[in-house]
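Notes to accompany the following structure.
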Amino acid sequence: MTRPRLFGISGSRAIRAIWGMEETGIDYEHVPVTYGADSKGADYLAVNPNGRIPALIDGDLQLFESMAINLYLAKRYGGALYPSSHEDEARTWQWSVWGISEIEPLQMQIVIQKLFTPEDKRNPKVVEHATRNLQRPLRVLDAALEGRDWLVGSAFSVADLNVASVMHLMGTIGFDYSEHANVQRWADACYARPALARALAKP
Ligand SMILES: N[C@@H](CCC(=O)N[C@@H](CS)C(=O)NCC(=O)O)C(=O)O
C-alpha cells in the first residue's frame, strides 16, 4: 500500500498537519511544498486547487484544510487521539472550528504586523485591537481548562492538537498569556509533545 503523502513545509500552517501526522506515528511521505510559486504549479494545484498548504493524499482521498486533515488522520490512524463517544467527537469538532474562527483571524492580524510588515509601516493600533479582542476567546479557553489538563477527555487528543497547532504562532509573536494561567499551562504541555519537536525538525 502507498504511504500517505503530506504536502507543505513546517514553517507554515502545514505544521499543524505535520504535527498531527507525527502524533499518529504512521509511516508517511513528507513533500515540503512551499507557499510561494511551489504551491501554484499545475502539479500541486491538482492536489489542492486552492494553491495552499497543507494538503494530504491518502489512497483515493485528496484532502485540504489542516483541521480536516488532522481530524481524518486522528480518526483513521490515531487510536486514542480521536474521541470514542459521539459527545466527545462533537466537542472535538467544536474546538477545531473554534480555533480557526475565534483565534486565527485575530492572531493573523498580529502575525502580519509583527512578522511580515516592515517596521516603519507597522500599525500598533492593529496589534492593540487584535490583542484586546483575543482576550474574550482566551477567557473561554482558560475557563474550559479550569481543573483539567486537556480540552476533551482525560488525555491529549486531536482537540488539543488542533487548537494548540492553530495557536502555535502565538509563541512566535511573543503573546502574553499571563492573564490566562490555564491556557499557559496547557500550551506548555502541548508544545512539549515529542511529535511537535519531530514535526518542527522537518523542512
Ligand atoms: N485554512 C487553511 C489555510 C492554509 C494556508 O493559508 N496556508 C498558507 C501557508 S501558511 C498558504 O498556503 N498560502 C499560500 C497562498 O495563500 O497562496 C488550512 O488551515 O489549511
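The values are calculated or read from the model by the stated rules, or taken from the named source; none is laboratory data. Only a predicted model underlies this, so the values are computations on that prediction, with no experimental measurement involved. Glycine gets a Cβ as well: all are built from the backbone with ideal geometry, and neighbour counts include every protein chain shown. Note: areas computed on protein heavy atoms with side chains; ligands, DNA, RNA excluded. Shrake-Rupley method; radii C 1.70, N 1.55, O 1.52, S 1.80 Å.
If you check Val126 against the conditions, is it assigned to a helix (DSSP H, G or I), open to solvent by 10 Å² or more (accessible area, probe 1.4 Å) and under 21 Å from Met67 (Cβ atoms)? Show your work before the answer.
Working: assigned to a helix (DSSP H, G or I): yes; open to solvent by 10 Å² or more (accessible area, probe 1.4 Å): yes; under 21 Å from Met67 (Cβ atoms): no.
Taking the combined requirement at face value, the residue does not satisfy it.
What's the total number of residues in the range 69-88 that are open to solvent by 20 Å² or more (accessible area, probe 1.4 Å) and either of a type in the set (S, T, N, Q) or closer than 14 Å to Phe7 by Cα (or both)?
Result for the range 69-88: 2.
Quick one: in the range 96-120, which of the residues that are in contact (Cβ under 8 Å) with a residue 40 or more places away in the chain and over 15 Å from Leu169 (Cα atoms) is least open to solvent (accessible area, probe 1.4 Å)?
Ranking the candidates gives Ser96 first.
Where in the range 1-102 are there strands (runs of 3 or more DSSP E), lying fully within it, with 2 or more residues that are farther than 21 Å from Pro203 by Cβ? Before the answer, list the steps.
Values: elements: 5-7, 29-31, 55-58, 61-64.
In the range 1-102, 61-64 are the strands (runs of 3 or more DSSP E) which contain 2 or more residues that are farther than 21 Å from Pro203 by Cβ.
In the range 47-68, how many are away from the ligand (no atom under 13 Å from the Cβ) and either polar (S, T, N, Q) or crowded, with 21+ Cβ neighbours inside 10 Å (or both)? Explain how you work it out, then say what you get.
At the first step, the residues of the range 47-68 found to be away from the ligand (no atom under 13 Å from the Cβ) are 57-62.
Checking which are either polar (S, T, N, Q) or crowded, with 21+ Cβ neighbours inside 10 Å (or both) leaves us with 62.
Looking only at that region, the number is 1.
So, in the range 144-176, exactly how many residues are of a type in the set (S, T, N, Q) and in a helix (DSSP H, G or I)? So that I can check it myself, show each step before the final result.
Of the range 144-176, the ones of a type in the set (S, T, N, Q) are 154, 157, 162, 165, 172.
Pick out the ones that are also in a helix (DSSP H, G or I) and you get 162, 165, 172.
Count: 3.
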